[in-house]
Amino acid sequence: MSSVYLGNNSYQKIQEIIEENNYQKVFLVTNKNSFLTGGVSNYIFQSLMGCQYHRFNNFSINPKFEELQNGIDEYHEFKPDLIIGVGGGSAMDMAKLIHYMSDKKLALEDDILKQPNKRLNSKLMLIPSTSGSGSEATQFAVVYIDGKKHSLDIPCILPDYCIVDGVFTDKLPRNITAYTGIDALAQAIESYWAKAETAESKEYALKAIKLIEPNLVPAVHKPTPEVREALALGSYYAGKAINITRTTAPHAFSYYLTTNHGYPHGHAVGVILPYFIEINDQCADLSEIYKCFDVQNAKEFKEKFIKILKEVDLYKPVNEIVKDDLKEFVESVNIDRLKNNPAQLTTEEFKSLFAN
């Protein structure tokens, strides 16, 4: 169970945790450039005064197996007692992977799938600097092996400490604010309508939607500290929701757009989600979501979501992205990931769905 700290002045809380637990050596996992240019580093370095630290940032937006191996090697050379992952989903996923897999040699790619069931002596802290992935609240981590996505899904990969504060996102560029925010909003919506929904997951999902929906467009165009804080909390609750339910069809189809067309993950999910609103409405009660979006039915909800996409410059029909690759796009989806979606369609029905 993570110790979670939500709200302002969290950088002071980081320092308190380090001092109270007498952590001496910190293995810092960050993005290559945004950590320094985004202003997050000032807060983190202030918190680490008095500690030895080693910064690992040699990995891609979609972390590769070889990069994980390098991170594990550096971890063993430094021998930390605390790992801190700071950044978006990639940095936090890499921190999770290094922390959890570093007791293995990872001699073969298959080793990543042979999930151990013990924790390390070091502890893990996650600090999101985007408002979208929700990785700080989930038991998932992703690594790519030969271009193919592999996911870990184990409770022990959850962090020991989770720090959520809008201040860590206050210099986030407009485009990243847009597609990470859309990702969080999509996670909350998908969790709500997922077959695996529970009363608890629905509560988290609605909390997330109520925080994200009114604040996403202002965060992109005229951000304030209050708006940033709302998105950070909304993203956290969306992560809590999908940690219970997992995601559905929009996420399942999104990976092709990321891998084959270079669309950032949140952008890819965002453009796909509207296609599933009306068909999922036939199989799930979305009335509480409609209240959050101030709409009356599925048609209005779809129009409202597309309007948000347009306002944050993310809207594009899927058939204009994949063009002649529509058949490959539909057939590439992981069928197992579609089982959590309320509406179950055939391959031909999916082709018709995305053709318009």
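Peptide packing: for 322-334, 224-236, 63-75, the average count of neighbouring Cβ atoms within 10 Å per residue gives the ranking 224-236, 63-75, 322-334, highest mean first. With R₀ set to 45 Å, the beta-carbon distance separating Asn356 from Gln46 gives a calculated FRET efficiency near 0.30. When all protein chains stay in place and ligands, DNA and RNA are ignored, the 1.4 Å accessible-area order of Asp285, Asp165, Asp160, largest first, is Asp285, Asp160, Asp165. Simple rule: put +1 on each Lys or Arg Cβ and -1 on each Asp or Glu Cβ in the chain, find the dipole, and look at Ala137, Ala186, Ile127; the Cα lying farthest toward the positive end is Ile127. About its Cα centre, the dipole of the chain is roughly 260 debye, where the only charges are +1 on Lys and Arg Cβ and -1 on Asp and Glu Cβ. For the peptides 131-144, 265-278, the ranking by mean Cβ contacts within 10 Å, running from highest to lowest, is 131-144, 265-278.
Angle of helix 225-245 to the longest C-alpha principal axis of the chain, folded into 0 to 90 degrees and rounded to 10: 80°.
Which residues' amide hydrogens lie under 5 Å from the amide hydrogen of Leu124, considering only partners 5 or more residues apart or on another chain, with H built in the peptide plane? Close amide H contacts, sequence-distant or interchain: Ile83, Asp160, Tyr161.
In the chain, helices alone account for a calculated mean residue ellipticity at 222 nm of -15500 deg cm²/dmol, with every DSSP H run of four or more residues adding -39,500 (n - 2.57).
Axis angle, to the nearest 10 degrees, between helix 89-101 and the longest C-alpha principal axis of the chain: 50 degrees.
Counting only protein heavy atoms and a probe of 1.4 Å, the accessible surface of the range 152-307 is 52% carbon and sulfur. Based on the alpha carbons, how large is the Rg to Rh ratio for the chain when Rh follows Kirkwood? Rg divided by Rh gives 0.96.
The values are calculated or read from the model by the stated rules, or taken from the named source; none is laboratory data. Keep in mind that this is a model prediction, so the values were computed, not measured. We place every Cβ from the backbone using ideal geometry, glycine too, and count neighbours over all the protein chains shown. Just so you know, the surface numbers come from the protein's heavy atoms only, side chains and all, with ligands and any DNA or RNA stripped out. Shrake-Rupley method; radii C 1.70, N 1.55, O 1.52, S 1.80 Å.
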